[in-house]
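Let me begin by presenting the structure, written as structure tokens, before commenting on it.
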Amino acid sequence: MGKQLVLVSHGLFCEELKKSTEMIMGPQANIHTVALLESEAPEDFRKKFETAIEDLDDFVVLADLMGGTPCNVVSRLIMEGQDIELYAGMNMPMVIDFINSELVGTEMSLVQAGASNIAYVNDVIASDDDEDDE
């Protein structure tokens, strides 16, 4: 079993991000989700997260929001000495970069993948129009 990916988020965002990514990349058995539901306390989320990772040896965690409960709970585990790779601000390009790096055996660049896919599309269109005018 290769590297695993664990998506954590407020609400069902992590589950829906996995589903949306699978529309593009196909089924992903190595991606797991842990959703913080409205009715749950941080302690409940921690138990769910610990259960989700108990059988995983090599994994990366993507959290929806720096400073949010899912990220903070995993951060606490890191501060308690657990060896966990944690990234905040997850988006679909980060998940796709994870999948592609596992498929072709390249180094992940999750932060770069996430950030480089943020664009103000109006400016992109305008610069394309400017090039067409030349």
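Accessible surface calculations at 1.4 Å, restricted to protein heavy atoms, place region 33-73 at 54 Å² per residue. Pairwise Cα separations in region 1-74 fall into 5 Å bins from 0 onward with the following percentages, short to long: 3, 17, 28, 25, 17, 8, 2. When a 1.4 Å probe is rolled over the protein heavy atoms, the share of accessible surface on the chain that falls to carbon and sulfur comes to 51 percent. Taking region 74-111 and a reference point 7 angstrom along Cα→Cβ of K47, the backbone N atoms nearer than 18 Å belong to 74, 77. Region 27-75: which chymotrypsin sites (Phe, Trp or Tyr not before Pro) are DSSP loop and have at most 12 other beta-carbon atoms within 10 angstrom? Filter output for region 27-75: empty list.
Taking Cα centre as origin and charging only the Cβ of basic (Lys, Arg, +1) and acidic (Asp, Glu, -1) residues, the dipole magnitude of the chain rounds to 860 debye.
Between D129 and E15, the contour length at 0.36 nm per residue exceeds the Cα-Cα span by 37.3 nm. The loop-placed GluC sites (Glu not before Pro) in region 42-83, going by DSSP, that have at most 16 neighbouring Cβ atoms within 10 Å of their Cβ come out as E54, E80. Modelled spin labels at E54 and S109, positioned 7 Å past Cα toward Cβ, are 3.9 nm from each other. Rounded to whole Å, the principal axis extents of the Cα atoms in region 1-125 read 46, 33, 26, largest first. Cα centroids of region 59-100 and region 1-40: 12 Å apart.
The values are calculated or read from the model by the stated rules, or taken from the named source; none is laboratory data. Since this is a predicted model, take the numbers as computed values, not measurements. Cβ coordinates were reconstructed from backbone atoms using ideal geometry, including for glycine residues, and neighbour counts include every protein chain displayed. All accessible areas refer to the heavy atoms of the entire protein, side chains included, with ligands and DNA or RNA removed. Shrake-Rupley method; radii C 1.70, N 1.55, O 1.52, S 1.80 Å.
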